[in-house]
1. By average Cβ neighbour count within 10 Å, what is the ranking of 109-119, 61-71, 130-140, 170-180 from highest down?
2. What is the distance in Å between the Cα centroid of region 42-89 and that of region 97-168?
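No lab work stands behind these numbers, since they all come straight from the coordinates. Just so you know, these numbers come straight off a predicted model, no measurement behind them. Every residue, glycine as well, gets a Cβ built from its backbone with ideal geometry; the counts of neighbours run over all protein chains shown.
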Amino acid sequence: MRSKVWVGMVLLMVALLMISGCAKKAVRTDGDVSQAGQDAAALEAEKARRAAEIEAARLAAERDAKRLAEEARLREARNQFMNEHIYFEFDSAALTPTAVSVLKEKGAWLDKERAVNVLIEGHCDERGTNEYNLALGERRAQSAKAFLVDMGISPSRLSTVSYGEERPLDPGQNEAAWAKNRRAQFVVE
């Protein structure tokens, strides 16, 4: 009887194995294939959209970097323009050779930067009366303006003012200080 039980169990096991081995495979329907294709297409579209966003961001960053570099270049050129003065001999509004050289550079820059307007300030050292120094400062500013106009810079872009002895660069009372104060300064408006 034991052998019949063993045989029955073996047959049962074989039957269970056969039943589980013959399970139906999942069959893809056209709907499943269509959905998979749509999912793949959506994934590819999302990848393309992201790539386009990354490229647009890169191009925008490149434009911003160029714009910032150009602004920095213009700011540096403007600062150099304003910080380079021309100097005059005592009691004179005549342009020195050094002043002419500086004015040529300023004129070339103004020719390129046509939207820039400039105020030319005339200054003097402290020797002389206030009235005399105001008049001398005006002649110095006009001298620089005339040179730039002769270079082709529109007079409407250039204005002048005299501060006489009122705004010294160096408050000292010696020849070195006075030489620094006999000048024309250029202010970009």
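1. Top of the packing list down: 130-140, 109-119, 170-180, 61-71.
2. 34 Å
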